[in-house]
Amino acid sequence: MDYTAIGVFTGLFLLVTVIGFFAGRWRSGDLDQLHEWGLGGRRFGTLITWFLLGGDLYTAYTFVAVPALMFGAGAVGFFAVPYTILIYPILFMIFPRMWDVAHRNGYITAADFVKGRFENRPLALAIALTGLVATMPYIALQLVGMEVIIAALGMHLSGFWSELPLIIAFIVLAAFTYASGLRAPAMIAVVKDMLIYVAVIAAVIIIPMKLGGYGKIFASISPEKLILPHPEGASLGGYSAYATLALGSALALFLYPHSLTALLSSSSRQVIRRNAAILPTYSFLLGLLALLGFMAIAAGVQSNPAYAAGFAEFGANFSVPALFLESFPSWFVGVAFAAIAIGALVPAAIMSIACANLFTRNIYKEYINPRCTDAQESRMAKLISLIVKAGALVFVLSLDKQFAIQFQLLGGIWIIQTLPAVMIGLFTRWLNGWALLAGWAAGIVIGTGMAASLGFKGSIYPLDILGYTLPGYAALYSVIINLAVAIILTPLFNMVAPGSKGRALEGCP
Amino acid sequence: MPDAQEPKPKGRRWRPLYLLFALPFIAMFWVSSYDRIEPAFYGIPFFYWYQMLWILITSALTLFIYLADER
């Protein structure tokens, strides 16, 4: 065990715990109101939103998994860069309008909007359930990220106690989220991001110096990992896979409940537009981080017996922690690992709040207790945030990690099926609610079928068109079918049920 | 409700200026244009530094469109 690293790590963790509890008093509001607890009162300005969204979108798991993908699979892992480039034009053009309509109508979830827009309860329920189901495994993955870090610190106790550090971290997370709502991750994100910037910038300067420069690092990467394979014959090969992964992931990102929660907590639509211009700093950071995967190859951490146990348990996900242990003194390892572990707390908190908002607003209030008071609504949300996190913890502790990863892969395919109702619904109400529901169902079934045909191991589906093979992201292919179904069925449903057209909302004609 | 903070909402309509946002999509979808090693930059293959450069270009583009929209 490395007591210096553990000491620094624990100290920083305690610091953010205190911040998390005090955050509730910051610009305090009445936490018995759901939009105060669950959206921070919608008053975060440009800078806080930058930290909050940065911590929310670029999660701890991203910081572990992206370099791990580079480490294991090579250049294709760099799709995270075009992905995080393309999200910002989409954010800039589409989501200020969502902020607007949510603000004017008191919406806190995408399902709220869909219900108001299409007046179709089954459709709104489908949107809410998709959000819940897609987010659960995402929370579990944050805990997986934390588990890797805890193991790398050597806090591996045996038997019954082996998961104790993770359980403690979880209790801390659950408690401050319950007490402070969205203000807690917002405040903690500020600390976490400073740590992560320091850790990554130090890593991309110091490690290449130790390894003899970037030229040497890239020279040690095998040619098939260094760039994408060139397409051969009648297949577009890695190219269509790379581009569709980037676009599909970018389209899906702001459909996730936790992204929308952070967006809606900002104080104005201008805050969102400004953030579309300044959030790419995190994309740049992620690009640098991805290169750490190659540095781990160059440093030869996998053949070092000291890390054999870690690689055996976590696979490529252990590459970055191993690289840090290899390259830095103990105290700095503590800082970097704390950055990643705290980086798991922020999105996990926001995700559980987003799930709580969804369940409370669109299931509890809609179907179980329609006449609930504001205080009851807020209390229910706090309770759900606990249940959701406990579920994620049980998920991680009892099931194979691979299961969480595969489930999250499916989550991406599912959440994108809400695109026609949510994103297109913001700009036109031409589509019929029932047609949208049919499209959603078609997309879910076909997308899941594509993943199943790949044995749930990947999401690149080899689509055959006119003798050509276009391997591409199943989420993107299935949402195209979803949209086609919705468009084709709209005139039909308009004929059968003329009263079921969408309606104009304030801020959303 | 703090709606009064925004007396004159700007950038609410879709503008032809937004067509500039097609640039990063075209650049990133044109994978064959950047799937190469040379020219390298300080030992970093073209594939990597070119895509990193597009992060900066897209950010600058967004800022430009934001400012043009605010006027």
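Which of the residues spanning the stretch B:1-19 are more than 9 Å from chain A (Cβ to nearest Cβ) and either at pLDDT 70 or above or surrounded by 10 or more Cβ atoms within 10 Å (Cβ to Cβ) (or both)?
Kept after step one, since they are more than 9 Å from chain A (Cβ to nearest Cβ), are these residues of the stretch B:1-19: B:4, B:7-8, B:13, B:15-17, B:19.
The answer is B:Arg15, B:Pro16, B:Leu17, B:Leu19.
Going through the stretch A:67-106 one residue at a time, which ones are facing chain B (nearest Cβ under 9 Å) and either under 20 Å from A:Gln302 (Cα atoms) or without any contact (Cβ under 8 Å) to a residue 40 or more places away in the chain (or both)?
Of everything in the stretch A:67-106, those that are facing chain B (nearest Cβ under 9 Å) and either under 20 Å from A:Gln302 (Cα atoms) or without any contact (Cβ under 8 Å) to a residue 40 or more places away in the chain (or both) turn out to be A:Ala75, A:Met93.
Quick check on A:Ala484: is it exposed (fewer than 14 other Cβ atoms within 10 Å of the Cβ) and assigned to a helix (DSSP H, G or I)?
Working: exposed (fewer than 14 other Cβ atoms within 10 Å of the Cβ): no; assigned to a helix (DSSP H, G or I): yes.
No; evaluated as a whole, the condition is false for this residue.
Go through the stretch A:308-408 and tell me which helices (runs of 4 or more DSSP H), entirely inside it, have 1 or more residues that are out of contact with any helix residue (DSSP H, G or I) (no Cβ under 8 Å at 6 or more places or on another chain) and more than 26 Å from A:Tyr197 (Cα to Cα).
Working: elements: A:308-314, A:319-327, A:330-359, A:374-398.
Ranges flagged: A:308-314, A:374-398.
Kindly check whether there is at least one residue in the stretch A:402-419 that is more than 20 Å from the chain's Cα centre (by Cα) and buried (at least 17 other Cβ atoms within 10 Å of the Cβ).
Residues of the stretch A:402-419 more than 20 Å from the chain's Cα centre (by Cα): none.
No - not one qualifying residue is present in the stretch A:402-419.
Which of the residues that make up the stretch B:21-43 are surrounded by 14 or more Cβ atoms within 10 Å (Cβ to Cβ) and either closer than 22 Å to A:Gly237 by Cα or at the interface with chain A (Cβ under 7 Å from one of its Cβ atoms) (or both)?
Of everything in the stretch B:21-43, those that are surrounded by 14 or more Cβ atoms within 10 Å (Cβ to Cβ) and either closer than 22 Å to A:Gly237 by Cα or at the interface with chain A (Cβ under 7 Å from one of its Cβ atoms) (or both) turn out to be B:Phe21, B:Pro24, B:Phe25, B:Ala27, B:Met28, B:Phe29, B:Val31, B:Tyr34, B:Asp35, B:Arg36, B:Ile37, B:Gly43.
Which of the residues that make up the stretch A:250-283 are outside any helix (DSSP H, G or I), over 19 Å from A:Ala189 (Cβ atoms) and more than 11 Å from chain B (Cβ to nearest Cβ)? Steps first, answer last, please.
Taking the stretch A:250-283 as the starting set, the residues that turn out to be outside any helix (DSSP H, G or I) are A:254-256, A:265-268, A:279.
From what's left, over 19 Å from A:Ala189 (Cβ atoms): A:255, A:268.
Matches in the stretch A:250-283: A:Leu255 only.
Given the criterion part of a helix (DSSP H, G or I) and either in contact (Cβ under 8 Å) with a residue 24 or more places away in the chain or surrounded by 13 or more Cβ atoms within 10 Å (Cβ to Cβ) (or both), identify the matching residue among A:Gly499, A:Gly472, A:Gly458, A:Gly439. Lay out the reasoning, then the answer.
Working: A:Gly499 fails: either in contact (Cβ under 8 Å) with a residue 24 or more places away in the chain or surrounded by 13 or more Cβ atoms within 10 Å (Cβ to Cβ) (or both); A:Gly472 fails: part of a helix (DSSP H, G or I); A:Gly458 fails: part of a helix (DSSP H, G or I).
Only one candidate qualifies: A:Gly439.
If I go through the stretch A:237-252 residue by residue, how many of them are surrounded by fewer than 21 Cβ atoms within 10 Å (Cβ to Cβ) and touching a Phe, Trp or Tyr at 6+ places or on another chain (Cβ under 8 Å)?
Looking only at that region, the number is 0.
The conditions are (1) at pLDDT below 90; (2) within 23 Å of A:Ala250 (Cβ to Cβ); (3) among the hydroxyl-bearing types (Ser, Thr, Tyr), and A:Thr373 fails exactly one of them. Which is it?
Here A:Thr373 clears every test but (2).
Step by step: first the residues of the stretch A:21-66, then only those that are β-branched (Val, Ile, Thr) and away from every other protein chain (no Cβ under 14 Å), then the one that is nearest to the chain's Cα centre (by Cα). Which residue is that? Before the answer, list the steps.
Step one: filter the stretch A:21-66 for residues β-branched (Val, Ile, Thr), giving A:46, A:48-49, A:59, A:62, A:64, A:66.
If we keep only those that are away from every other protein chain (no Cβ under 14 Å) as well, we get A:48-49, A:59, A:62, A:64.
Values: A:Ile48: 18, A:Thr49: 16, A:Thr59: 6, A:Thr62: 8, A:Val64: 13 Å.
Ranking the candidates gives A:Thr59 first.
Show the residue pairs that are 6+ apart or on different chains and have beta-carbon atoms under 8 Å apart, the first residue being within the stretch B:30-42 and under 17 Å from A:Leu247 (Cα atoms), the second being assigned to a loop (DSSP other than H, G, I, E, B) and among the aliphatic types (A, V, I, L, M).
Between residues of the stretch B:30-42 that are under 17 Å from A:Leu247 (Cα atoms) and residues that are assigned to a loop (DSSP other than H, G, I, E, B) and among the aliphatic types (A, V, I, L, M), the close pairs are B:Val31/A:Leu228.
Of (1) part of a loop (DSSP other than H, G, I, E, B); (2) more than 20 Å from A:Val114 (Cα to Cα); (3) over 21 Å from the mean Cα position of the chain (by Cα); (4) not charged (D, E, K, R), A:Met450 satisfies all except one. Which?
Just one mismatch for A:Met450, condition (1).
From the list A:Ser267, A:Ser303, exactly one residue is surrounded by fewer than 23 Cβ atoms within 10 Å (Cβ to Cβ), under 30 Å from A:Leu383 (Cβ atoms) and small (Gly, Ala, Ser). Which is it?
On the way: A:Ser303 fails: under 30 Å from A:Leu383 (Cβ atoms).
Checking each option against the conditions leaves just A:Ser267.
What is the one condition in (1) in contact (Cβ under 8 Å) with a residue 60 or more places away in the chain; (2) under 20 Å from A:Asp30 (Cα atoms); (3) of a type in the set (D, E, K, R) that A:Glu366 does not satisfy?
(2)
Answer yes or no as to whether B:Ile55 is surrounded by 17 or more Cβ atoms within 10 Å (Cβ to Cβ) and at pLDDT 95 or above.
Values: surrounded by 17 or more Cβ atoms within 10 Å (Cβ to Cβ): yes; at pLDDT 95 or above: yes.
Yes: the conditions hold for B:Ile55.
The values are calculated or read from the model by the stated rules, or taken from the named source; none is laboratory data. Keep in mind it's a predicted model, so treat the numbers as computed, not measured. Counting neighbours? That spans all protein chains shown, and the Cβs are built from the backbone with ideal geometry, glycine included.
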